[in-house]
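Any read-out appearing in this document is the output of simple, stated calculations on the displayed coordinates, not a laboratory observation. Please read all numbers here as calculations on a predicted model, not as lab measurements. Positions of Cβ are backbone-derived with ideal geometry, glycine not excepted, and every protein chain shown enters the neighbour counts.
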């Protein structure tokens, strides 16, 4: 094969084309997977889909949530408690989170964790539409909500217009200062199996302190194997895993074909008295130059497609993950192949 008047070995051309195609497809899969997770968060309004609504009334102990949340955190790792503020202009929600439940796409800063959501200091994460209202003071950022100065710890949102861009999330205690304890709540869990246990603990904790009404229109009971197997999350994860396996197999085949086409070169090196480490250095250098060139070519193509297709939104982290996966697999296969050649001569 000749390119620009120069003869290019078929093996090198095959590696270049294969790595370009694999990199292009892998970056697209990783990007689409990340985008699907973001779309799912937006579609469910920062909930997992395992949430349950309840209402508290006639409770006079304004500080009881401190005690209840401490006990609940000791028993359950991944849950979140929300309270919506009755604001006609802005979608505002208070949150207390333990562990990891739902983390929205962040533009800057960080999202709430157990420490920040349980703090007594007014704190908010703003949708990017309200970023222009931030006030900087003493090296920190603040947002005034109804004459309450809240420290901004993060900006969340997406490039396209979405519900998240127009939302404000604040710490749980600060939200209760606006709503009072007798209001509507939502609790959310990472695993469906914890939904009933968290609800039962909250229900038992409020006995004798007020009235609690828990909605019954959410999940309860164990997940059957069939429903789990055909759930949206499992199906999508399976598709992505199968794609990754196909990329691994493709990289294996391409690397072995490339090494087999180097047999004549190996023999000439043996005749010239090349040591094993010298041969490894030469092979690795050529292999990485070709594979890296293929990766860059595939990246250029996907970036061009991204400029013309709204569905393709490639981020830096997508490129890094794809590069690490592709080169990492190639390196592993190359090392194993060279070690096998070494031991085959012993």
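Key figures for this structure:
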{"item": "Projected label distance in nm at residue 136 and residue 248, using a 7 Å step from Cα toward the beta-carbon", "result": "4.7 nm"}
{"item": "Between helix 276-308 and the chain: long-axis angle, C-alpha atoms, 0 to 90°, nearest 10", "result": "50 degrees"}
{"item": "Beta bridges per DSSP with both ends in segment 52-218, % antiparallel, nearest 5", "result": "75 percent"}
{"item": "Peptides ranked, highest mean first, by Cβ atoms within 10 Å: ranges 205-212, 127-134", "result": "127-134, 205-212"}
{"item": "Spin-label proximity, residue 209 to segment 177-202 - amide N less than 18 Å from point 7 Å beyond Cα toward beta carbon", "result": "177-188, 197-202"}
{"item": "Per-pair calculated FRET efficiency, R0 = 41 Å: residue 40 and residue 284 via Cβ, rounded to 0.05", "result": "0.50"}
{"item": "Estimated inter-spin distance, residue 166 and residue 90, nm [label 7 Å along Cα→Cβ]", "result": "1.5 nm"}
{"item": "Residue order, fewest to most beta carbons within 10 Å, for 44, 110, 173", "result": "110, 44, 173"}
{"item": "Among 75-82, 99-106, the order from most to least packed when residues are scored by Cβ within 10 Å on average", "result": "75-82, 99-106"}
{"item": "Value at 222 nm in deg cm²/dmol, rounded to 500, when DSSP H runs of n ≥ 4 in the chain each add -39,500 (n - 2.57)", "result": "-17000 deg cm²/dmol"}
{"item": "Fully extended contour minus Cα-Cα distance, from residue 196 to residue 151, at 0.36 nm per residue", "result": "12.8 nm"}
{"item": "Cα-projected label distance for residue 182 with residue 264, points at 7 Å along beta-carbon direction, nm", "result": "9.0 nm"}
{"item": "Burial ranking of peptide ranges 164-172, 180-188, 266-274, 56-64 (average Cβ count within 10 Å, highest at the top)", "result": "164-172, 180-188, 56-64, 266-274"}
{"item": "Two-site FRET efficiency, residue 159 against residue 239, from Cβ-Cβ distance with R₀ of 25 Å, rounded to 0.05", "result": "0.50"}
{"item": "Segment 139-213 and segment 30-86: distance between their alpha carbon centers, rounded to Å", "result": "7 Å"}
{"item": "Relative contact order (percent, whole number), the chain, Cα cutoff 8 Å, 6+ residue spacing", "result": "28 percent"}
